[in-house]
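What follows is a single structure, written as structure tokens, with notes after it.
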Amino acid sequence: MKMKNYIMFILVFPVVLLGSFNVLAQTGIIKKANKEYEDYSYVKTNEILLNVAEKGYGSVDLYQKLANAFYFNNKMEEASKWYGELVALENDISPEYYYRYAQSLKSIEKYKEADKWMQKFVDLKSDDLRSKAFLGMRNYLEAIDDMSKDFPIKNLNINSEVSDFGTNQYENKLIFSSSRTPGKIYKWNNQPFLDLYSAEKNETGDYDDVKKFDSKINTKYHESTVAFLDAKNMMYFTRNNFTEKDRLRRDENGVNRLKMYRVKREENQVWGKVNSVHFNSDNYSVAHPTINANGTKLYFASDMPGTYGESDLFYCDINEDGSLSRPINLGGVINTEAQETFPFINSRGDLYYSSNGLAGLGGLDVFVIRGFESKFDNNETFVVRNIGKPINSPMDDFAYYENLKTLEGFFTSNREGGKGDDDIYSFTIPECSQNIEGVVLNRKTKEILTNATVRLFNASGKEMDRMVVGEDGKYKFNNLLCNKEFLVRASKADYSTDESRIKTSGENEVVTLELELDINKVPLAKGTNLREALSLNPIYFDFDKSNIRPDAEIELQKIIAVLSKYPKMKIDVRSHTDSRATTGYNDALSNRRNISTINYIVSVGGINRLRLTGRGYGESQLANKCSDGVECSEAMHQLNRRSDFIILEL
């Protein structure tokens, strides 16, 4: 039995609760969609695409746009359907579509099928980092591997043959817990109970001269995991629940729980009276405190009522006198029905903790939420990341601690090759890190876009972080690995999506990236040309013909979809030709094509003919300079063979 098992609870991030959060989010989306449906000022392009596709009219262009619309909105089941239609229709497409198809299939647990299309992507882009990640690890572990860093870790010389874990720094000392001193035996692991110890930092930067921390703090039972509130000369720590007569208190099930205590250091440098925090209980455990850099919040682990799983992370405000406010659960984005424990908040406000409820390498893994405090205070979405190797291993890895000023880091593990049950490992925090920052703009007006969501993905397509931009439109992702590939994607309701793939360098730097979004709403008003509003492809006719071609049907189905959605809309259909042939011939040809176009909308689309007017304009309204006698390419002439659909009434 490893030493941390004495805790009986550790902390993680619940699947069931995440599911309920997703349901709530979906409900909100549906309500929003209903509101937009009732708003007759706009129509979304992807709604028109879906309407056309579901009627059986398909093309490479349509399936690409439709699948991307779902993919970028994280509707992966729908995305996989339309990417499937795309790859079935066309073999010669961009490799990126094979990658997106594979990712959408993986998200709905069709892993074998996903591997098939990922391999197709690999065959076409073998040098792509995503291809290398796929070949190296064909499951979710590839994301963890991509997060891993290459730096040495050191098993500290202060470790013993029993359990040593949980570090903090205080006055040039390393404070940790250990069961090394002979004494009362703890039956769960047949080792002595834990005490707090200190180790002095020497001139070489190593730690030695191990001593018991303080006789007033240590008892014959467990003490562990300390946090210091420097401004108040106060320490919080974990201890068994016992009576004034040194007898363990037990709950109704006979289990002895853990409690959190605080103690102040007096002016004579002696620790004073130890006080129990007010929300301790005989019926649940409270343990593993950590305090933010401002000394305003304390985070801890507990299985108190309101816990989602075996144990959760909580926080409370620190009052002026060092007392604590009412505890608040950090919620279902962080906590799961499993174990979340050993929280640590660094000086930047990043939250580290250990969990066995998230996908990891095995046992407890260390996870991080970058910029947690700022995002939590501003009610922004945050992403939990597995920090990867070498911190995490197939065994239990926990009690992460780092000092960003000295670049020292520590964690505890019971991995193979250690000295005892649980050993403390140290590492130097890699100095090379990069930031990606920028602003989100309207592509056409170059104005700042507020409330856009910017997501950061690693090379394997795993979402690493996200933020919602404020009034300044700015986003920033800090402390990214050097020499890695990332993808930054911006999205906003009713706008297109913009993304850019970035390869960080081997130097400390800030990468600046502007993201520009096009509005994805079609303004509906008298005089609107639906050809321009819907970005219709040209409705081509064969040379000297007026019959509707299959590719033209797809574009006309988009017009039919708009007319069906807005039953009071009336349009004027205007058909044009190029300048080749005589003026009289082109007038007659454009009129025949106009009649064919209107007849298709009426007969195939079921639209009342009274809602449609139109005529042919021949070559009288050319879109460019290609008039009689002017030498032009076929592509330039094609621009004149167009059909306009002008809204007359709405």
If I take R0 = 60 Å and measure r between the Cβ atoms of Glu447 and Leu248 in this structure, what FRET efficiency does the formula 1/(1 + (r/R0)^6) give, to the nearest 0.05?
0.35
Label-point separation in nm, Leu650 to Ala231, each point 7 Å along Cα→Cβ
5.5
Selection from Gly618, Pro394, Ala493 lying farthest towards where the dipole of the chain points positive, charges on Cβ
Gly618
Compute the distance in nm between two label points, each set 7 Å from the Cα along the Cα-to-Cβ direction, one at Lys568 and one at Thr381.
3.6
The chain - Cys residues lacking any other Cys C-beta under 4.7 Å:
Cys316
Residue span Arg615 to Ile595: 0.36 nm per residue of separation minus Cα-Cα distance leaves a gain in nm of 6.4 nm
Between the modelled labels at Lys110 and Glu96 (7 Å from Cα along Cα→Cβ) the distance in nm is 2.2
Measure nothing fancy, just the Cα-based angle from helix 550-565's long axis to the longest principal axis of the chain, in degrees from 0 to 90, nearest 10.
70
Return the percentage of antiparallel bridges among DSSP beta bridges fully within segment 540-650, rounded to the nearest 5 %.
55
The chain, accessible area per residue, ligands and nucleic acids excluded (1.4 Å, Å²):
46
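Using a 1.4 angstrom probe on the protein heavy atoms only, line up Met235, Met636 by accessible area, largest first.
The most accessible residue leads, giving Met636, Met235.
So for the chain, averaging the separation of alpha carbon pairs under 8 Å that are six or more residues apart and normalising by length, what relative contact order in percent results?
Relative contact order of the chain: 12 percent.
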Gain in length, Lys526 to Ser148, computed as 0.36 nm per residue apart minus the alpha-carbon separation, to one decimal in nm?
130.4 nm
Along the charge dipole of the chain, which of Ala452, Gly349, Val277 sits closest to the positive end, that is, farthest toward it, with unit charges on the beta carbon of Lys, Arg, Asp and Glu (+1, +1, -1, -1)?
Ala452
Please report the accessible area of Leu639 (heavy atoms, 1.4 Å probe, ligands and nucleic acids excluded) in Å², nearest 10.
110
Using Cα-Cα distances under 8 Å and only pairs 6 or more residues apart, what relative contact order does segment 556-650 have, in percent?
45
Yeah, segment 235-326 with a ≥ b ≥ c from its alpha-carbon gyration tensor (a/c under 1.5 is rounded, else prolate when a/b outruns b/c, oblate otherwise) is oblate
Round to the nearest 10 and report in Å² the accessible area of Cys632, as given by a 1.4 Å probe over the protein chains' heavy atoms.
30
Which value, in Å² and to the nearest 10, is the accessible area of Tyr97 when all protein chains are kept and the probe is 1.4 Å?
30
Per the C-alpha gyration tensor (a ≥ b ≥ c, the square roots of its eigenvalues), segment 158-282 is rounded if a/c is under 1.5, else prolate if a/b beats b/c, else oblate; here it's oblate
Quick one: which residues, 5+ away or cross-chain, put their amide H under 5 Å from the amide H of Arg257? H built at 1.01 Å from N.
Asn241, Asp251
Regarding segment 412-559, what are the three Cα extents along the principal axes, ordered largest first, in Å?
85, 36, 27
Amide H proximity to Leu248 below 5 Å, modelled H, separation 5+ or other chain, gives Thr243
For segment 453-468, in residue order, the Karplus 3J(HN,Hα) values (coefficients 6.51, -1.76, 1.60; θ = phi - 60°; whole Hz; Gly and Pro = x) are 9, 10, 10, 10, 10, 8, 5, 8, x, 7, 5, 9, 6, 7, 8, 9
Give me the angle, in degrees from 0 to 90, between the Cα long axis of helix 45-54 and the longest principal axis of the Cα atoms of the chain, rounded to the nearest 10.
70
With a 1.4 angstrom probe the carbon and sulfur portion of accessible area for the chain, in percent, totals 47
Kindly express, to the nearest 10 degrees and within the range 0 to 90, the angle between helix 60-71's C-alpha long axis and the longest C-alpha principal axis of the chain.
30
Could you go through segment 212-220 in sequence order and give the Karplus-derived ³J(HN,Hα) for each residue, using 6.51 cos²θ - 1.76 cosθ + 1.60 with θ = phi - 60°, rounded to whole Hz, and x for Gly and Pro?
5, 5, 6, 5, 6, 8, 6, 10, 7
Calculate, in whole percent, how much of the Cα-Cα pair population of segment 526-650 lies beyond 20 Å.
39
In whole Hz and in residue order, list the ³J(HN,Hα) couplings for segment 201-211 that follow from phi through the Karplus curve 6.51 cos²θ - 1.76 cosθ + 1.60, θ = phi - 60°; x for Gly and Pro.
7, 9, 5, 7, x, 7, 10, 8, 6, 6, 9
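The values are calculated or read from the model by the stated rules, or taken from the named source; none is laboratory data. Just so you know, these numbers come straight off a predicted model, no measurement behind them. Backbone-built Cβ (ideal geometry, glycine too); neighbour counts: all protein chains shown. Just the protein is used for accessible areas: all its heavy atoms, side chains included, with ligands, DNA and RNA removed. Shrake-Rupley method; radii C 1.70, N 1.55, O 1.52, S 1.80 Å.
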